[in-house]
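Written below as structure tokens is the structure these notes are about.
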Amino acid sequence: MEGHRFVFLAGLHRSGTTLLARLLAAHPEISGFSDTGVPADEGQHLQSVYPAANEYGGPGRFGFAPESHLTESSPLASEASARKLFEEWSPHWDLSRPLLLEKSPPNLLKTRFLQALFPDSAFVVIVRHPIPVSIPTARWRGTRRYDRMFEHWLHCHALFEADREHLERVHVLTYEQLVRDPAGVLDGIFGFLGLDPIPSSEPVEGGANEKYFRQWQELKSDLRMRAYLDLVSLRYERRVRRYGYSLLSPESD
């Protein structure tokens, strides 16, 4: 591990972590995972130190399991765990590069744990509006319980906000900022990591949120569903607004 710094990318499923990981790994001084054969090239599936999110219910559920939230007080926070993670992840990195990037959504609940294992590590966290996160997650789960989707979104981000105070090096951005100003956002991240900026390695298209906002309105064509979604929006609006988003008028975000 000598001569390397670790960068951990976090954000709930469907928050843009895969896109952002590709953009960061395109930098000549960063090595990320690619063609690993595991879902979305996520490091959680390439190690045996802690359970992956799927063992706690997967997207939209994993955060409800107390075991998903790891800090420096976890029995797993040891030098042996750090060595094991590096041994299992390092075959997938180009070790000639100084910064080693690992991306997994459950990192959102493991920042303090990972910092304890790799003290000089940096964390990049991406947040996205709860509707575009929840609609595809609910569809994947085969559920229409959007109240549970929003509760999970809020629960995970609240845990991270509490953990954030204990982190030495963390950079938080939103998906909306990334698609609105890719060059500016990437410059900010590279600067945070102490790197010279590079242009975006691929086009970053906007409009994905709007697609889900339209789907949200289409769900309301059923009167019973509309009543349910309106009640859910009212219930969670105040808490969602703390993060700069709205369920009642999402298109304004």
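Computed values, structure above
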{"item": "Some residue of the range 116-129 being over 11 Å from the mean Cα position of the chain (by Cα), touching a residue at least 60 places away in the same chain (Cβ under 8 Å) and over 19 Å from residue 31 (Cα atoms)", "result": "yes"}
{"item": "All positions within the range 196-230 that are farther than 18 Å from residue 176 by Cβ and either part of a loop (DSSP other than H, G, I, E, B) or of a type in the set (Val, Ile, Thr) (or both)", "result": "196, 197, 198, 199, 201, 202, 220, 221, 222"}
{"item": "Leading residue by the ranking (surrounded by the most Cβ atoms within 10 Å (Cβ to Cβ)) among those in the range 132-166 that are among the hydrophobic types (A, V, I, L, M, F, W, C) and more than 20 Å from residue 216 (Cβ to Cβ)", "result": "160"}
{"item": "Flag if residue 238 is without any contact (Cβ under 8 Å) to a residue 12 or more places away in the chain, touching a Lys or Arg at 6+ places or on another chain (Cβ under 7 Å) and more than 13 Å from residue 129 (Cβ to Cβ)", "result": "no"}
{"item": "Answer from 86, 62, 123, 118 - the residue that is out of contact with any Phe, Trp or Tyr (no Cβ under 7 Å at 6 or more places or on another chain), modelled with pLDDT of 95 or more and either within 30 Å of residue 247 (Cα to Cα) or of a type outside the set (Ser, Thr, Tyr) (or both)", "result": "86"}
{"item": "Residue within the range 184-193 that is in a loop (DSSP other than H, G, I, E, B) and touching a residue at least 60 places away in the same chain (Cβ under 8 Å) present", "result": "yes"}
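The values are calculated or read from the model by the stated rules, or taken from the named source; none is laboratory data. Worth saying up front: this structure is predicted, and the values here are computed from it rather than measured. Note that each Cβ is placed from the backbone with ideal geometry, even for glycine, and that neighbours are counted across all protein chains shown.
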